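Remarks on the structure that follows.
The values are calculated or read from the model by the stated rules, or taken from the named source; none is laboratory data. What you are looking at is a predicted structure, and each value in this text was computed from that prediction instead of being measured. Backbone-built Cβ (ideal geometry, glycine too); neighbour counts: all protein chains shown.
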Amino acid sequence: MRKQDGFTLIEVLAALLIFSTAIMGLMHAGTQNIRAVQVLEQKQIAGIIADNQLLLALNSQDPISTGTRQDDVQMAGRDWLWKIRTEDTGTAGFYRLTVEIKEKTSEQILISRTAFAARRLETPQ
């Protein structure tokens, strides 16, 4: 009887099956991470746009009026749509501003932010 060194064909095939299964799982996890990073990037840019639009609305010298305004803006090489809805809160001179941001090619709202604005009443002299 002589001793043979090495692996049998069955052992090699089993090792390849285990290795390929592990590689497929790692590839799937990597793909999921890339998608998650892309979504986070979208939401971060949408958040910046929302903050900018709220600041512009709050710092405007125009009187606040209820209603909805919308427009598009380009940032980071993409086109975005923003919509600001101004609502009366029931308190004189106090308004709720809600901004919603989405990509121009999508109907999904990526971010929605709310702020409140109070306009000073004119004091008689």
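Among residues of the stretch 66-92 that are polar (S, T, N, Q), those with a Cβ under 7 angstrom from a residue that is loosely packed, with under 13 Cβ neighbours inside 10 Å and not in a strand (DSSP E or B), sequence gap 6+ or separate chain, pair up as Thr86/Ser65; Thr86/Thr66.
The rows are residues; the columns are (1) under 27 Å from the mean Cα position of the chain (by Cα); (2) acidic (Asp, Glu).
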| position | (1), (2) |
| --- | --- |
| Phe7 | no, no |
| Glu11 | no, yes |
| Ala15 | no, no |
| Phe19 | no, no |
| Met24 | no, no |
| His28 | yes, no |
| Gln32 | yes, no |
| Val37 | yes, no |
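Could you please let me know if Ile84 is more than 17 Å from Ala117 (Cβ to Cβ), modelled with pLDDT of 95 or more and hydrophobic (A, V, I, L, M, F, W, C)? No, not satisfied.
Of everything listed in (1) surrounded by 10 or more Cβ atoms within 10 Å (Cβ to Cβ); (2) more than 21 Å from Arg119 (Cα to Cα), the single unmet condition for Leu9 is (1).
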